Amino acid sequence: MARNRAKDPSILHGHHVVSGAELRAAMEAARDADETARVRRRVLHAVVLVLLIGLIGAGIITALAIINGRLRIPTAEPAPTPVASCPATMFDYTPNDKVNLNVFNSTSRPGLAKSVADEFAARKFAVGNVSNINAGYRGVAEVVSGPAGQPAAFTVQRNLQGSDYFEDGRTDAGVDVILAQDYKALVPPELVDQTPGKLSCPRENRRVADLDKLPVSPTAAS
């Protein structure tokens, strides 16, 4: 009975035989996909062309504006020459009893501010506040004042060899002395130079002071 069963013409040796209709449908689908791809490419090319034309047009307009002086391109200007902040004024030695100062100890040596303040007082300086503070300064000592206190600061520096002067924004003539780790002693009274001179502030990058507090300390480390 198996021999008398009708054979399926679409099956040959167990494999599907593609009919003409199926082949035509497959070819039409391929043509449609290829046409879609071509359309997409054309659209993409058109968009790119429009963008290029726009960029070229913008470049031409910008160039014409620059030529006509309607558009100016900013140019880099040289940085201003730094102005030295160390006072260049020549100061006379101010009498000790005309100098008001505060003495602060930023070292780990106990009692240093008190002992140095007593020495200044023995030299007739008017000593005010005496206490300990924390300061990042490294050196002998900071001598800090506002512009009005620079003559007094000059006198203090002549008694405190190796100190660095720093200016802050105070308006009075008071002077702060901040003792640091390298401090050893004041200049002996008989050896203090009382001839005119300038403030000593050799550390250019440590001269800026913190205006938010008194006494002040440099904000930048050397």
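The values are calculated or read from the model by the stated rules, or taken from the named source; none is laboratory data. Everything numeric in this text was worked out from a predicted model, so none of it was measured. For neighbour counting, all protein chains shown are included, and Cβ atoms are generated from backbone atoms with ideal geometry for every residue, glycine included. Just so you know, the surface numbers come from the protein's heavy atoms only, side chains and all, with ligands and any DNA or RNA stripped out. Shrake-Rupley method; radii C 1.70, N 1.55, O 1.52, S 1.80 Å.
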- Message: Once you place label points 7 Å from the Cα toward the Cβ at LEU55 and ALA29, how far apart are they in nm?
- Response: 4.0 nm
- Note on the structure: Sorted list, accessible surface of protein heavy atoms, 1.4 Å probe, largest first, for LEU55, LEU160 is LEU55, LEU160
- To the nearest 0.05, what FRET efficiency results for ILE133 and ALA185 with a Förster distance of 35 Å applied to their C-beta separation? 0.95
- Message: Could you sort ILE178, ILE67, ILE133 by their accessible area in this structure, using a 1.4 Å probe and putting the largest first?
- Response: ILE67, ILE133, ILE178
- Query: Residues with amide H under 5 Å of GLY128's amide H, sequence separation 5 or more or different chain, H placed in the peptide plane at 1.01 Å from N; which?
  - Reply: LEU101, ASN102, VAL103
- Message: Just to verify a number: what accessible area does SER108 come out at with the full protein assembly present, 1.4 Å probe, Å² rounded to tens?
- Response: 100 Å²
- Given backbone amide H placed at 1.01 Å from N, residues whose amide H is under 5 Å from that of ASP168, ignoring those fewer than 5 places away on the same chain, are SER145, GLY146
- Note on the structure: Lys and Arg at +1, Asp and Glu at -1: neighbours of ASN100 with Cβ under 11 Å from its Cβ sum to -2
- Read phi for every residue in segment 183-191 and hand back ³J(HN,Hα) as whole Hz from Karplus 6.51 cos²θ - 1.76 cosθ + 1.60, θ = phi - 60°, with x for Gly and Pro. 5, 10, 6, 6, 5, x, x, 6, 9
- Expected vector for segment 52-66, Karplus 3J(HN,Hα) from phi with 6.51, -1.76, 1.60 and θ = phi - 60°, integer Hz, x for Gly and Pro, equals 4, 4, x, 5, 4, x, 5, x, 5, 5, 5, 4, 5, 5, 5
